[in-house]
1. State whether one or more residues within the range 308-317 are touching a residue at least 60 places away in the same chain (Cβ under 8 Å), closer than 22 Å to T88 by Cα and open to solvent by less than 50 Å² (accessible area, probe 1.4 Å).
2. Can you tell me which residue in the range 411-421 is nearest to ligand 2 (Cβ to nearest atom), limited to those that are under 20 Å from M211 (Cβ atoms) and buried (at least 23 other Cβ atoms within 10 Å of the Cβ)?
3. Is it the case that the range 282-292 has a residue that's within 30 Å of Y229 (Cβ to Cβ), open to solvent by 20 Å² or more (accessible area, probe 1.4 Å) and either of a type outside the set (A, V, I, L, M) or assigned by TED's automatic domain parsing to the domain that holds Q269 (or both)?
4. Which ones in the range 162-176 are buried (at least 24 other Cβ atoms within 10 Å of the Cβ) and either under 30 Å from W464 (Cα atoms) or polar (S, T, N, Q) (or both)?
5. It is to be established whether one or more residues within the range 268-280 are in contact with a Phe, Trp or Tyr (Cβ under 8 Å, 6 or more places away or on another chain), in the same structural domain as G351 (by TED's automatic domain parsing) and either open to solvent by 50 Å² or more (accessible area, probe 1.4 Å) or free of Cβ contacts under 8 Å to residues at least 24 places away in the same chain (or both).
6. Among the candidates E121, E87, E101, E59, which residue alone is free of Cβ contacts under 8 Å to residues at least 24 places away in the same chain, on the phi > 0 side of the Ramachandran plot and of a type outside the set (V, I, T)?
7. Of A180, A119, which residue is aliphatic (A, V, I, L, M), more than 13 Å from ligand 1 (Cβ to nearest atom) and under 25 Å from N456 (Cβ atoms)?
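The values are calculated or read from the model by the stated rules, or taken from the named source; none is laboratory data. Values in this document were obtained by computation on a predicted structure and should not be read as measured data. Cβ coordinates were reconstructed from backbone atoms using ideal geometry, including for glycine residues, and neighbour counts include every protein chain displayed. SASA here: full protein model, heavy atoms, side chains in, ligands and nucleic acids out. Shrake-Rupley method; radii C 1.70, N 1.55, O 1.52, S 1.80 Å.
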Amino acid sequence: MRWSRQLLPTLREAPLEAEIPSHQLLLRAGLARRLGAGLYTFLPAGLRALRKVEQIIREEMDRAGALEVLMPALQPTDLWARTGRLETLRDVMFHVRDRQERDLVLGPTHEEVITDLVAREINSWRQLPRTFYQIQTKFRDEIRPRFGLMRAKEFIMKDAYSFDADEAGADASYRAMYSAYERIFQRCGVRTKAVEADTGAMGGKSSHEFMVLAESGEDGLVECERCAYAANRERAESATAPRIEWPEDRAPAEIVATPGARTIEQVSQYLDVAPSRLVKTLIYLADSRPIAALVPGDRELNEIKLRRATGAEALTLADDATIERVTGAPVGFAGPIGLNVPIWADLWLRGGRGLIAGANRADAHVVHVDFERDVGELAFADLAFARGGDPCPRCSDGVLREQRGIEVGHVFRLGTKYSRALGAEFLDESGVRKPVIMGCYGIGVTRTLQAVIEQNRDEQGIRWPISVAPWSVEVVVVNLQNAACVETGERLYAELGAAGLDPLLDDRDARPGVKFNDADLLGLPFRVTVGERSLARGVVEIRRRAGGDVVELPPAEAVTWLVGQVRKGLEG
Ligand code: ATP
Ligand code: MG
């Protein structure tokens, strides 16, 4: 490909809309352009890289035995009503109506469609197991589309679905996808970490997210410094018996005045005690019934954990009127002593002494609180977000550390939630009718592409891994006025093409500085510079974008050398 005939609009400055480095580079290197919030056009260079990511995914899915299908983005709304997800996914779904006034949605995911297909086409144990996948466009009305391709309203996903006759089979299918994912991300040139994750609106039993570790990641995760434990912060467990040294405070509980001090910060300042000595009391409505949830003042309550502990379907923070009714006090003075609603307390409060809690009375708190002595009936559960420095919940001596990551893939054990709802059943060997056991497996293809950039870059631009680079080699003809340079550049370009390396030839009539800057920005793995002076010495210069190392070779040897390097890079 000749730069002079390409649409490769590089930008010196990042547009204001671009917030994180990979988003800036996506635009600056001329890979994509924004159409509207969360909507992007892929320009030729970006599309080439995207196709390579897709191809890697396709190869690994095929290798794992998955069968490629292609399902429609437009789906009848009825189907979604049957699994209850018309409600749970209502906020993210785009709704449309056809000329016959039929309601349709633009698929945010495809569990319903594939399970409906399997319900119709598979009915015997002889047809199991099967795993299907597609690479297809998804639509989600995200509240905050941002970071370019990372969180878009329309994006490309690889979604796969496994169907098995029994648990052991479902486990094997899950593991096959898990290891395919490890190979996919490794081949794409990104380092990922698989972490335990919450199953969210997907439901099901357990799941792992594949995170690309990056400062700019939207997801927090914790991992143990000693053992293999790693989990999304939403999901991460706390050690069941955190080691806390409580003060030897045996004084009786006492109400003290705290005029105007409502927040943890205000109370801890007013009474001059650390926030960890305070009890944060939150009133929730669990399926419309008020409950109280307690966490230490310096910790955040994790609503996912509270929902799991209470078994509530719907959980919302109580409104001010409810709080005042339940506590008999204005908002900001709630505490567990004397509360007449079910109380759930975080594990970190177990055995707590010398604590401070709201007095359920305006402008007052209780000090010297001893949980066992002063608080009535309550249930302890893991409610707070885990954080860096906490003991590991799995091994005895490890400590958790926090990292940030970009979720590029997610694998779920779904069980029979969808097969039961949509009647995907089969007859087993003894003729008994059973629901198939499912798994589902997603990769954000467009998000992965940008994650590759996020993890492979420097001050000057992108440093594409060979496997997904739009082109593998750029040939820069430094001076178009020099006939020998032009002729050598053209010959190299033709020979590299003939050798199957898909080269890009910078044949623009531009200053060398501009061309070199653009070459670094676009970041193809190898740059061959054909300059007057080196050519006079009978060589061209080959620079590796990732390491910056340079070799000089006669033009005739350059092609063989590059073919060898690219092949090595693709294998390694
Ligand atoms: P997130 O928590 O980031 O919203 P999710 O849990 O909604 O992701 P899944 O439903 O599991 O995501 O979708 C599978 C994959 O699709 C994700 O791992 C992610 O890589 C990608 N993905 C999800 N939402 C988007 C989006 N709005 N834009 C681009 N990629 C997305
Ligand atoms: Mg989402």
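1. Yes.
2. Our first condition is that a residue be under 20 Å from M211 (Cβ atoms); within the range 411-421, this holds for 411-413.
This time we only want the ones that are buried (at least 23 other Cβ atoms within 10 Å of the Cβ), so: 411-412.
Values: V411: 15, F412: 13 Å.
By that ranking, first place goes to F412.
3. So far as the range 282-292 goes, yes, one or more of its residues are within 30 Å of Y229 (Cβ to Cβ), open to solvent by 20 Å² or more (accessible area, probe 1.4 Å) and either of a type outside the set (A, V, I, L, M) or assigned by TED's automatic domain parsing to the domain that holds Q269 (or both).
4. Of everything in the range 162-176, those that are buried (at least 24 other Cβ atoms within 10 Å of the Cβ) and either under 30 Å from W464 (Cα atoms) or polar (S, T, N, Q) (or both) turn out to be S162, S173.
5. Here is the first cut: in the range 268-280, the ones in contact with a Phe, Trp or Tyr (Cβ under 8 Å, 6 or more places away or on another chain) are none.
So far as the range 268-280 goes, no, none of its residues is in contact with a Phe, Trp or Tyr (Cβ under 8 Å, 6 or more places away or on another chain), in the same structural domain as G351 (by TED's automatic domain parsing) and either open to solvent by 50 Å² or more (accessible area, probe 1.4 Å) or free of Cβ contacts under 8 Å to residues at least 24 places away in the same chain (or both).
6. Details: E121 fails: on the phi > 0 side of the Ramachandran plot; E87 fails: on the phi > 0 side of the Ramachandran plot; E59 fails: on the phi > 0 side of the Ramachandran plot.
Every option except E101 fails the conditions.
7. Numbers: A119 fails: under 25 Å from N456 (Cβ atoms).
Criteria check complete, one pass: A180.
Okay, residues lined up against (1) over 22 Å from Q134 (Cβ atoms); (2) touching a helix residue (DSSP H, G or I) at 6+ places or on another chain (Cβ under 8 Å); (3) open to solvent by 40 Å² or more (accessible area, probe 1.4 Å); (4) in a loop (DSSP other than H, G, I, E, B):
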| position | (1), (2), (3), (4) |
| --- | --- |
| I57 | no, yes, no, no |
| D62 | no, no, yes, no |
| Q75 | no, yes, no, no |
| E87 | yes, no, yes, no |
| D91 | yes, no, yes, no |
| V96 | no, no, yes, no |
| V105 | no, yes, no, no |
